[in-house]
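Everything below concerns the one structure shown next.
What follows draws every value from the coordinates through simple rules; no lab data is involved. All values reported here derive from a predicted model rather than from experimental measurement. Note that we place each Cβ from the backbone using ideal geometry, even for glycine, and neighbour counts take in every protein chain shown.
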Amino acid sequence: MQDRIEALRSNIVSVYMGNVQAVDRLIVCLLARGHVLIEDVPGVGKTVLANALARSIRCSFTRIQCTPDLLPSDVTGTSIYRQDAGTFEFRQGPIFANVVLADEINRTTPRTQSAMLEAMSDGTVSAEGHVYHLPQPFLVVATQNPYEFEGTYFLPENQLDRFLMRLSLGYPSPDDEARILLKQPARSTLPELKPAMGAEEVLELQRKADAVRMDQGLVDYIIAIATATRNSEDLQVGISPRGALALAAAARATAFVAGRDYCVPDDIVSNVLPVCAHRVISRTYMHQGDTLTTRRIMQRLLESVPSPV
């Protein structure tokens, strides 16, 4: 199993020459059946990273370029009248793929953003009185620029809660940036990238990650962290049970990627900020889509909760 994960990682880093930790967390999201929101300034490789992951898996991939005039039916699909048969036929939208890249998701309206909510939460699409199941595995990788506000729409809290992780890539190191300038991997390597595994192999890895053991002490640790956020005077809204489930799933997948069939406290600690910071709201909350304040609060709370030995 580990050789498959390493092959997937190597495939991605051959194109995305930046934050390796972001690559590992993207793989964790894939194995934990969670979606990921990549938030950073333009030009640091958000789209390249998502494309590299999609091309590294032998499965269907679609890209939705989000714009203000994008309609919900442009995402989920619409019914087309077939004159020869005299009936309506549902044509599936781009959400019906294994890996979906929603580029610049904050550029489309809340109505269209909400069209992805059911798909991300339940893996289904309801249209024309019917429920359609999405292909498995199913992963949404959304990107947004946190510093550009004109013509953008903030993701509502219930939509943010559907993302397992909210990541920031940061700028590459000088050595990595030199490699990017010399090799230009997005032009030279990405179009020729070969899959490292198939969809069935991903499903098998997901089942293995689900089976990673988590002792009662670690379960109590997650509950203690969630309780601390709910009782904090600095937070208006703490971690919900869904957030605690997400933290446990990320911890199991992190342990599995590390080659273990059991969790340790570090698997939880390393995931608290990317998994939980976007799920809480501070009492001084202003809807600017910025998690810096909540990340600082979460870090203080994390340090105040005793870690199991």
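Estimated at 0.36 nm per residue, the fully extended path between S60 and V20 surpasses their Cα-Cα distance by 11.9 nm. I'd like the distance between the alpha-carbon centres of region 54-118 and region 197-231, rounded to an integer number of Å. For region 54-118 versus region 197-231, the Cα centre distance is 30 Å.
Only helices enter this figure: runs of n ≥ 4 DSSP H residues, each worth -39500 (n - 2.57), summed and divided by the residues of the chain, yield -13000 deg cm²/dmol at 222 nm to the nearest 500. Taking each residue as 0.36 nm, the span from V219 to Q299 lengthens on full extension beyond its C-alpha to C-alpha distance by 26.9 nm. For region 117-197, applying the loop criterion from DSSP together with a ceiling of 16 other beta carbons within 10 Å to the GluC sites (Glu not before Pro) yields E128, E148, E150. Quickly work out the L292-to-E192 label distance, labels modelled 7 Å from Cα along the C-beta direction, and quote it in nm with one decimal. Those two pseudo-labels are separated by 4.2 nm.
Under the convention that each Lys and Arg Cβ holds +1 and each Asp and Glu Cβ holds -1, the size of the dipole of region 151-247 around its Cα centre is about 260 debye.
Assign unit charges at the C-beta atoms only (+1 for Lys and Arg, -1 for Asp and Glu), then state the dipole size of the chain relative to its Cα centre in Debye, rounded to the nearest 20. Working shown, then result.
On the way: 30 positive and 35 negative charges, 50 e Å.
That gives a dipole near 240 debye.
In the set (1) 36, 20, 16; (2) 38, 19, 18; (3) 30, 24, 21, which value of semi-axes √(5λ) of the Cα gyration tensor in Å was calculated from the structure you see? Answer by label: (3). Separation of region 1-48 and region 241-279, taken as the distance between their Cα centroids, equals 16 angstrom. Two tests apply to each whole DSSP H helix in the chain, Cα reach of 20 Å or more along its axis and mean Kyte-Doolittle hydropathy of at least -1.0, and the ones passing both are 216-231, 241-257. Using the Cβ-Cβ distance between T124 and A178 with R0 = 41 Å, the FRET efficiency computed as 1/(1 + (r/R0)^6) comes to roughly 0.35.
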